[in-house]
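To keep things clear, I will list the structure first and then write my remarks on it.
The values are calculated or read from the model by the stated rules, or taken from the named source; none is laboratory data. All figures in this text were calculated on a predicted structure; none of them were measured in a lab. Here the Cβ positions follow ideal geometry from the backbone for every residue, glycine too, while neighbour counts run over all protein chains shown. Ligands, DNA and RNA are excluded from the accessible area calculation, which covers all protein heavy atoms including side chains. Shrake-Rupley method; radii C 1.70, N 1.55, O 1.52, S 1.80 Å.
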2 protein chains.
Amino acid sequence: LEATEEVTQLTRDDLCALDASDPIAAVRGEFVLPAGLLYLDGNSLGALPRAALDRVIAVTRDEWGQDLIRNWRGGARWWDRPSELGARLAPLLGARPDEVIVCDSTSINLFKVITAALAMRPGRRAIVSDPNSFPSDLYILESVADMLGHELRLVDCRGPGLDAALDGDAAALVLSHVDYVTAEVEDMAGATLKAHEAGALAVWDVSHSVGAIPVNLGATDVDLAVGCTYKYLNGGPGSPAFVFAAQRLQAEVRQPLSGWNAHARPFSFERDFVAAPGVERFRTGTPPMLAYAALEAALEIWGGVDLAAVFEKGGRLGDLFLELVEQRLADPDLRALSPREAKRRGSHVAYRHPRARELIADLDALGVLADYREAGVMRFGLAPLYLRYVDVWDAVGLLGQALAG
Amino acid sequence: LEATEEVTQLTRDDLCALDASDPIAAVRGEFVLPAGLLYLDGNSLGALPRAALDRVIAVTRDEWGQDLIRNWRGGARWWDRPSELGARLAPLLGARPDEVIVCDSTSINLFKVITAALAMRPGRRAIVSDPNSFPSDLYILESVADMLGHELRLVDCRGPGLDAALDGDAAALVLSHVDYVTAEVEDMAGATLKAHEAGALAVWDVSHSVGAIPVNLGATDVDLAVGCTYKYLNGGPGSPAFVFAAQRLQAEVRQPLSGWNAHARPFSFERDFVAAPGVERFRTGTPPMLAYAALEAALEIWGGVDLAAVFEKGGRLGDLFLELVEQRLADPDLRALSPREAKRRGSHVAYRHPRARELIADLDALGVLADYREAGVMRFGLAPLYLRYVDVWDAVGLLGQALAG
């Protein structure tokens with residue numbers, strides 16, 4: 001194979017040269033990265049943006065401490081943060097600024113959007129999804145189906161079963177954009193089109209793709225979507241999630257977690273509920289401002305980078321990881337689960353190995369933080385904002401040590 | 001009247017003397033209180049605990065920044081925080097440590113507990129509540145009733161209508177423990193007993209009572225309860241809320257927002273949902289750790305104070321506010337909405353006045369931060385942990401200035 005011949009020529013110096021010519025290399029300086037650690041778990045929890053600490057201190061000490069309750073509507077205008085951060089996220093989602101709201105957790109937001117979708121297809125009783133979706137999404141879908149007397153149909157969305165599942169009873173198709181185990185990218189445009197042709201709504205979870213690969217919710221005509229901000233977006237542990245609702249649905253869509261934050265006049269405390277006019281109707285209760293503070297700092301970084309360069313680097317980091325494992329490690333038990341083609345892959349690579357759990361522990365001792373997933377899977381997250389090409393070389397070398405050890 | 005004669009003798013020195021002999025006076029030192037501000041809005045957003053800033057910095061800089069993803073199960077053990085903080089809250093709720101979990105917002109948690117309650121009374125189709133409940137609670141109840149085809153019955157829970165509403169079709173009675181406008185305390189034991197006699201479950205929102213007055217969920221046999229932590233508990237803007245589920249229900253109760261955090265083996269990412277054994281099944285998604293950090297520091301203060309002394313002081317602060325307004329301010333348009341008897345009142349006092357909105361703005365300019373609620377209501381929160389008796393004297397004096405101005 002030509003590719004293999006090319007790969008065998010790679011050296012550590014080649015990867016250092018890629019770093020030297022990396023147009024986004026300087027962004028790494030905006031993150032706190034512990035000395036001596038190769039952090040390959042940014043697909044689970046992104047690293048701390050340097051500016052986040054100051055922002056969190058300012059919100060705690062100055063805003064809460066000094067101006068107190070005034071900040072909700074005056075002062076720092078905390079009330080506006082869910083919409084403001086939604087607008088900042090929009091370019092990463094291929095969405096309009098008024099189509100995204102930052103709030104609650106991904107599971108809660110999925111509950112909102114699936115119940116909202118079902119309410120828009122009152123005659124239909126089936127939710128269609130894939131058994132390899134993120135398990136938490138399946139728990140929520142199953143729970144909603146049970147609660148409302150609907151049917152949850154789980155089919156391989158890449159197989160011939162999808163067309164049959166999308167019959168006249170299908171209300172919504174709910175899929176993960178990137179497989180959380182294998183990193184395989186789903187065909188958002190194709191599956192959304194199939195859902196629409198069947199008269200169903202298309203709902204996507206982009207938790208594992210936002211900030212990792214291009215997401216084009218607008219261009220692919222997605223109806224509703226959810227995702228988290230603590231992976232590639234670096235919002236911090238448990239940072240607020242988001243809801244996308246296509247502008248064309250906003251006047252009509254309703255979600256049942258309609259707390260006071262979803263009201264058109266929230267501070268009037270009226271007895272009757274009137275939904276806020278836009279995507280704000282997906283809010284529920286009081287947003288946790290300290291968590292928003294860190295996310296705000298994290299999203300500022302995204303505002304200053306060329307997204308195309310980020311995604312290209314992410315693809316290359318993954319290509320190199322997969323190639324270097326083939327080139328440098330000869331372990332017949334190590335099996336790559338992720339696609340070789342960058343366009344079909346998110347920003348992590350996964351391997352199956354009989355000793356995966358022990359290998360992840362050994363890597364931790366060697367200074368490489370990656371993660372283990374049942375059953376027998378190692379995941380290596382390759383966050384392009386703060387990882388260097390040479391980190392991939394070093395991590396693969398240490399994986400070799402772990403395999404040999 | 002004897003009471004009036006006594007009141008007319010009060011002077012500022014009397015209130016200073018009360019401060020001098022206040023057994024919990026020193027607790028004020030644990031809070032940041034802006035110079036020159038009388039903060040009477042602790043019923044909406046509690047003041048910043050001094051220790052919160054350091055805790056938030058430690059979680060951001062050291063835990064997230066240095067140990068990263070390791071902290072969920074190792075290191076700082078973030079995963080345990082919702083249960084740990086629930087256990088710390090338990091004494092304030094008259095609950096067992098394993099009956100409380102800290103998570104999400106009050107509105108989301110009310111959605112969980114009301115749907116859980118309805119599922120436990122499958123043959124019954126009515127939710128009973130009071131039209132003066134906190135509006136966000138009513139929005140959620142109405143939404144759940146709409147979604148499930150149930151009936152929402154709103155009756156004055158102090159009037160004769162309650163008995164009629166609690167018929168054989170009533171699945172749950174949902175009430176606010178303290179009225180968010182008037183501060184009137186509901187009869188938790190009495191109303192819970194009525195619900196149980198009718199075969200319904202009793203669900204309470206204690207947002208306006210926890211940390212303000214004794215709450216005895218265990219002794220009054222309450223089934224399920226929710227509340228927030230950013231008012232008298234001082235957890236910070238939008239700090240996580242909580243769920244109480246009586247131990248006797250925990251094996252049976254199920255809630256539909258069953259994300260991965262509610263799973264018995266959350267990190268196994270199994271395809272099928274198995275509910276966590278205890279109150280942990282009321283969790284949903286990833287908890288926001290920066291918000292928990294501040295709350296953790298806030299709850300430590302409560303662990304070190306005599307609750308009886310706190311509640312006694314709260315009652316006295318309210319008594320004095322009401323008495324001093326009568327003694328010092330002669331405005332026929334100013335009408336107290338709160339009960340005179342401390343036992344029947346939460347820890348704020350409310351007044352109606354035709355110029356209420358302007359008065360609140362004028363008070364702000366004079367250094368008194370209180371809040372306005374539609375229609376024509378001023379609320380003065382009297383947080384006993386950090387307010388002094390003399391603050392009540394001074395605030396009433398400035399209210400007099402505003403009325404005169």
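Quick test for you: out of A:Asp104, A:Asp137, pick the one residue that is within 17 Å of the chain's Cα centre (by Cα), touching a residue at least 60 places away in the same chain (Cβ under 8 Å) and facing chain B (nearest Cβ under 8 Å).
A:Asp104 is the lone residue from the list that is within 17 Å of the chain's Cα centre (by Cα), touching a residue at least 60 places away in the same chain (Cβ under 8 Å) and facing chain B (nearest Cβ under 8 Å).
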What pairs can you find where one residue is in segment A:53-79 and more than 14 Å from B:Gly46 (Cβ to Cβ), the other is of a type in the set (Lys, Arg) and not in a helix (DSSP H, G or I), and their Cβ atoms are less than 8 Å apart, with a gap of 6+ or different chains?
-> A:Trp79/A:Arg73
Give segment B:309-325 a look and list any residue that's surrounded by fewer than 17 Cβ atoms within 10 Å (Cβ to Cβ) and touching a residue at least 40 places away in the same chain (Cβ under 8 Å), or say none.
-> B:Ala309
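Return yes or no: is B:Val59 in a helix (DSSP H, G or I), more than 9 Å from chain A (Cβ to nearest Cβ), of a type outside the set (S, T, N, Q) and buried (at least 19 other Cβ atoms within 10 Å of the Cβ)? Working first, answer last.
Working: in a helix (DSSP H, G or I): yes; more than 9 Å from chain A (Cβ to nearest Cβ): no; of a type outside the set (S, T, N, Q): yes; buried (at least 19 other Cβ atoms within 10 Å of the Cβ): yes.
Judged against the criteria, B:Val59 is not a match.
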Take A:Val32 and decide whether it is among the β-branched types (Val, Ile, Thr), surrounded by 14 or more Cβ atoms within 10 Å (Cβ to Cβ) and more than 12 Å from chain B (Cβ to nearest Cβ).
-> no
If we keep just the residues of segment A:62-91 that are within 23 Å of A:Phe282 (Cα to Cα) and either polar (S, T, N, Q) or at the interface with chain B (Cβ under 7 Å from one of its Cβ atoms) (or both), which is nearest to the chain's Cα centre (by Cα)?
-> A:Ser83
Among (1) open to solvent by 20 Å² or more (accessible area, probe 1.4 Å); (2) modelled with pLDDT of 95 or more; (3) touching a Lys or Arg at 6+ places or on another chain (Cβ under 9 Å), B:Pro214 falls short only on (3)
When restricted to A:Ala298, A:Ala336, A:Ala350, A:Ala342, the only residue over 23 Å from A:Asn132 (Cα atoms) and either modelled with pLDDT of 95 or more or open to solvent by less than 10 Å² (accessible area, probe 1.4 Å) (or both) is A:Ala298
Given the structure, is B:Arg283 at pLDDT 95 or above, open to solvent by 40 Å² or more (accessible area, probe 1.4 Å) and within 12 Å of chain A (Cβ to nearest Cβ)?
-> no
When A:Val222 is evaluated against the numbered criteria (1) part of a loop (DSSP other than H, G, I, E, B); (2) crowded, with 19+ Cβ neighbours inside 10 Å; (3) touching a residue at least 40 places away in the same chain (Cβ under 8 Å); (4) among the aliphatic types (A, V, I, L, M), which criterion, by number, is the only one it fails?
-> (3)
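Quick check: is even one residue across segment B:225-232 at pLDDT below 95, within 13 Å of chain A (Cβ to nearest Cβ) and either within 30 Å of B:Ala308 (Cβ to Cβ) or in a loop (DSSP other than H, G, I, E, B) (or both)?
We begin by selecting, within segment B:225-232, every residue at pLDDT below 95; these are none.
Looking for residues that are at pLDDT below 95, within 13 Å of chain A (Cβ to nearest Cβ) and either within 30 Å of B:Ala308 (Cβ to Cβ) or in a loop (DSSP other than H, G, I, E, B) (or both), one finds none in segment B:225-232, hence no.
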With the condition kept exactly as written, say whether any residue in segment A:263-277 is within 14 Å of chain B (Cβ to nearest Cβ) and buried (at least 22 other Cβ atoms within 10 Å of the Cβ).
-> yes
